[in-house]
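Just so it is clear, none of the values below were taken in a lab; they were calculated from the coordinates. If you're wondering where the values come from, they're calculated on a predicted model, not measured in any experiment. For neighbour counting, all protein chains shown are included, and Cβ atoms are generated from backbone atoms with ideal geometry for every residue, glycine included.
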Amino acid sequence: MPQPLSMERPWDLRERSILFAVNVIRFCRTLPRTPEAAEIATQVRRSSSSIGAHYVAAKRNKSDPDYISKISGGIEEADESTFWFDLLMRAGIAEESGASPLRHEADELAKILIGCRSTAIERQARTKAAARRLRKRIATSSP
C-alpha cells in the first residue's frame, strides 16, 4: 500500500524539491494501469524530478548567467509538471483530490524559482552597472 503523500514544506529548497519528486512518484503508483496514464506518469515523474536537479545544478554555478540559465530550466520543468497534473485531472485519469495538491506545489516551486531568478538578474545588473561606473572613473582619471 502506498504511503500517504507528505505535503510538509521544508525551508531548504533542495530538500523541498526532493520531497516533491518523491510525492509525485508515490502519486504515480496510484494511477490506473492504462497506456495513457503510464505515458503521462512518465512525463510528470521526469519533469517533477528535474525541478530539483536544475536547482542543484544552479547552486554549483560558475557565473550569474549559468545560474539564471539553470534556474530557468527548473521553472520550465515546474510549469511542465503543472501541465501534466492539469491533463491528468481533465482527462479523468486522476482524482483532483490527489493531483491538485501536487499541482499546487509545482506552481509554488515555480514561483520560488522565479524569485531566485529575479534576484540573480537584479544582482547581475547591479554588478554590470558597478563595472561600468568603475571603467568610467578609470577612464576619466587617466592622464
Which of the GluC sites (Glu not before Pro) found in region 52-143 are in a DSSP loop and have at most 16 neighbouring Cβ atoms, other than their own, within 10 Å? Glu95
Environment charge of Ser100, counting only residues whose C-beta is closer than 13 Å and scoring Lys/Arg +1, Asp/Glu -1: -4
Rounded to the nearest 20 debye, dipole of the chain from Cβ charges on Lys, Arg, Asp, Glu: 1280 debye
Starting with the fewest neighbours, write out Phe27, Phe85 ranked by other beta-carbon atoms found within 10 Å of each beta-carbon. Phe27, Phe85
So how far apart, in nm, are the two label points at Ser118 and Ala91 if each is 7 Å from Cα heading toward Cβ? 3.3 nm
The summed charge of the Asp86 Cβ neighbourhood (under 12 Å; Lys/Arg +1, Asp/Glu -1) stands at -2
How much net charge surrounds Arg46 when only other residues with a Cβ under 14 Å from its Cβ are counted (Lys, Arg +1; Asp, Glu -1)? -4
Charge dipole of the chain about the Cα centre (unit charges at C-beta), most positive-ward option of Ala125, Asn61, Leu102: Ala125
Match the structure shown to one of the listed values (i) -0.28, -1.34; (ii) -0.24, -1.56; (iii) -0.36, -1.18 of log10 I(q)/I(0) by the Debye sum over Cα atoms at q = 0.09, 0.21 Å⁻¹, computed from it, and give that label. (iii)
Return a whole-number percent for the relative contact order of the chain, with Cα pairs under 8 Å and 6 or more residues apart as the contact set. 22 percent
Inter-site label distance for Ala125 and Thr34 at 7 Å from Cα along Cβ, in nm: 4.8 nm
Lysine pairs in the chain with Cα atoms under 22 Å, if 8 or more residues apart or on separate chains: 8
